[in-house]
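The values are calculated or read from the model by the stated rules, or taken from the named source; none is laboratory data. Because the structure is a prediction, the values reported are computed rather than measured. Neighbour counts run over all protein chains shown; Cβ positions are idealised from the backbone, glycine included. Calculation scope for accessible area: heavy atoms of the full protein, side chains included, ligands and nucleic acids excluded. Shrake-Rupley method; radii C 1.70, N 1.55, O 1.52, S 1.80 Å.
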Amino acid sequence: MCAGQIPSSIFNSTTLGEIYLFNNKLEGQIPTSIFNISSLKTIDLSNNNLSGSLPNDMCQHLPKLEGLYLSWNELSGNIPFGMGKCNNLKILSLSYNQFMGIIPRSIGNLTRLQELYLGFNNLEGQIPEETGNLLGLELLNIKAIKGLTGQIPTSIFNISSLKTINLSNNSLSGSLPNDMCQHLPKLEGLYLSWNELSGNIPFGMGKCNNLKNLSLSYNQFMGIIPRSIGNLTRLQKLYLGFNNLEGQIPEETGNLLGLELLNIKAIKGLIGQIPTSIFNISSLKTINLSNNSLSGSLPNDMCQHLPKLQGLFLSWNELSGNIPFGMGKCSNLKNLLLSYNQFMGIISRSIGNLTRLQKLYLGFNNLEGQIPTSIFNISSLKIIVLSNNSLSGQIPSNIFNSTMLEEIDLFNNKLEGNLPPITSAPKLEILLLWGNKLSGNIPNSITNASMLKKLDLGDNLFSGPIPKTLGNLRHLERFRIVNNNLITGSATDHEWSFLSSLANCRHLRKIVVSGNPLSGVLPTYIGNLSKSLQFFYAYNCELQGIIPMEIGNLTNLLLLQLGYNKLSGFIPTSIGGLRNLQSLGLYSNKLGGPISESLCDLERLYNLFLGLNKLHGSIPSCLGNITSLRYLYLDFNKLSSAIPSTLWNLKDILKIDLSSNHLHNSHAIDVGNLRSLLELNLSRNLLMGDILSKFGGL
């Protein structure tokens, strides 16, 4: 492998025919002496680190040059206007550089050109009409240039030698001519995705009868999918998604008997049933019709003629009926995605026959009955999503048998019984079981899923102690057990000892233990929890005792919710050090003492809920400096000062509740500047004077 600059001295030969220095680490400029060797037929300097610009007269002395390969460098400046003088050039490859300016019109003089690569540069302007002069061109590749605008020159569609047109990922606009395929008998690949093309898909598209790849996705095409597309009998890949099309998928699509990939997704105007003829295309490997408005049911024998199908993506439609019992005959299926539809009935046991299945998404349907145990005998299964259905019965005892499982989503069903022991789940990262009727203990074997990142067992009927071995889940990021009947441990265990274990989870970002009869007190070692912790929910847990000062160690907290407990003592001043805190919820406790001015240091605070406590003294005037504050609740306390006038500077605040205190007003209350105020409650205080007259500015 060569490195460094190219020495100009090595190009003194006048008979040199070919230069091959590709795939090296060459840098610096290309020596201009190269362009004086009139005998050269090939220059290949691709895939280096060459920089600088090309001289405008570079083709002046290269009458025999047939191949110029400069792609994958760092060349800049304009594409030389004199490039058209390399009139024997057959292959011009300038992609993956930093060329700027326009594509020179002189490129149309390269009448012997067969392959043209200009993509991945910083060019701008339009594709010159003169490109249509390249009547021997077989491959045109000008892609990934966001500055390339305007229409595609119609002259390009007259180049009968073209096999590939790739103009994807530009900013091209306008429509395609209806007769665009009239003079393209050899065209095999048409790639126009990721542009701003509009109008109809040409009805004459069917005349490109050698086409193998048609990619028109991510544009603004409208109208229907033309039936003539069924004439493209050699088509292997079809991409039409992310357009403004409407109507139905034409039945003639079933004529594409060599089709391997069908991708027509994210078109809300696409309605009607999926043509059954599609399921007779035995060459199909991928069907992606997701995120449309397709309806109707799937035929029971849909897999009878799909021996090669690997991916079936039909999520986010309006499909109904049963999941076909014959689905198990798609024996090569790796991805089955049917979520967000209206499928009903039971999950067919035949899915267990899909021995190569890796991803199974059946969530957000109307499925019922039990989860077939056969599914978890699929050793290749990585992701299973059955959430948001009406599935009942117990979780299959073999659920953790597949050692490849990475994600299990069964949330929001009607599952009951115990969580089976986790004997082996070495790759499981996500376990979401919330919103069921699961009961019994959380098994200690949960820690065998040592790679778990998200564990959500909330809104069930789990009871017994929270395992103290959770700290073995060293990768845990989200721990949620809200609304169960869990306790901290034995009757003598007054501290939340499971928190001590969770301190070993250094990636933990969210803890939600609210709605459990945990009782006990918050231990001082709460401050040992991960610095990455952002959300701590422990409301309605029958918590007692004080809030430990060490809570101030959790410096990245965004939300702290300890409301609806029996906490007493003062609000620790250390909370003022949680500079990232956006929501502080201490509502409905037995907290006393004054409101610490340290809370005014919470410059990003959005919600402050301190109501229903025993706080006394004055409202700190500095609360009016927290400009991010939107909700301020200090109601039902024993506050006895004048209401600070600074509160009325919070011009973006939405709700203020100071009711049921002993507050008074030493001056007029002027809330006219509170332009966003939705609710203000000052009732049951000691206010005097003509207050209502001051509200006129609202």
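Quick notes on this one:
- Proximal charge balance of SER71 [Cβ under 12 Å; K/R count +1, D/E count -1]: -3
- Over the stretch 629-687, the hull volume per residue, using the convex hull of the C-alpha atoms, is 70 Å³.
- Karplus-derived 3J(HN,Hα), 6.51/-1.76/1.60, for each residue of the stretch 636-642, Hz, glycine and proline x: 6, 10, 10, 5, 9, 8, 6
- Measuring between their Cα centroids, the stretch 530-568 and the stretch 133-205 lie 61 Å from each other.
- Highest average packing first - 309-318, 364-373, Cβ atoms within 10 Å: 309-318, 364-373
- Within-13-Å neighbourhood charge of ILE102 [Cβ basis; K, R +1; D, E -1]: -2
- Taking the 1.4 Å solvent-accessible surface of the stretch 212-284 as the whole, the part contributed by carbon and sulfur is 46%.
- Dimensions (Å) - the stretch 574-685, Cα atoms, principal axes, largest first: 34, 28, 20
- Remark: relative contact order (the stretch 1-172) = 14 percent; criterion is Cα-Cα distance under 8 angstrom and separation of 6 or more residues.
- 3J(HN,Hα) from dihedral phi, the stretch 598-609, Karplus parametrisation 6.51/-1.76/1.60, rounded to Hz, x for glycine, proline: 4, 5, 5, 7, 7, 5, 9, 5, 10, 10, 10, 10
- Whole-number D in µm²/s for the stretch 1-172 (Stokes-Einstein; Kirkwood sum over Cα pairs; 20 °C, 1.002 mPa s): 132 µm²/s
- Peptides 659-667, 379-387, 73-81 ordered by average Cβ neighbours within 10 Å, highest first: 379-387, 73-81, 659-667
- Cross-link partners of LYS531 among aspartates and glutamates (Cα-Cα below 18 Å; sequence separation of 8 or more within a chain): GLU477, GLU550
- Cα-based Rg of the chain normalised by 2.2 N^0.38 Å, two decimals: 1.30
- Sequence-distant lysines (8 or more away, or on other chains) whose Cα lies within less than 23 Å of LYS237: LYS143, LYS163, LYS186, LYS207, LYS212, LYS265, LYS268, LYS285, LYS308, LYS334, LYS359
- For LYS64, the lysines whose Cα falls under 17 Å of its own Cα, not counting residues fewer than eight places away in the same chain, are LYS41, LYS85, LYS90.
- Taking a sphere under 9 Å around the Cβ of HIS507 and counting the other residues whose Cβ falls inside, with K and R at +1 and D and E at -1, yields a net charge of +3.
- Remark: the chain carries 41 Å² of accessible area per residue (probe radius 1.4 Å; ligands, DNA and RNA excluded).
- Under-19-angstrom lysine pairs by C-alpha in the stretch 416-522, whenever the two are 8 or more apart or on separate chains: 7
- Less than 5 angstrom separates the built amide H of LEU428 from those of MET451, all sequence-distant by 5 or more or on a different chain.
- ³J(HN,Hα), Karplus 6.51/-1.76/1.60, whole Hz, each residue of the stretch 193-209, x for Gly, Pro: 5, 6, 10, 10, 5, 9, x, 7, 5, x, 5, x, 4, x, 7, 7, 6
- Span from the the stretch 280-307 Cα centroid across to the the stretch 316-346 one, whole angstrom: 10 Å
- Relative contact order (%) - the chain, alpha-carbon pairs under 8 angstrom, separation at least six: 3 percent
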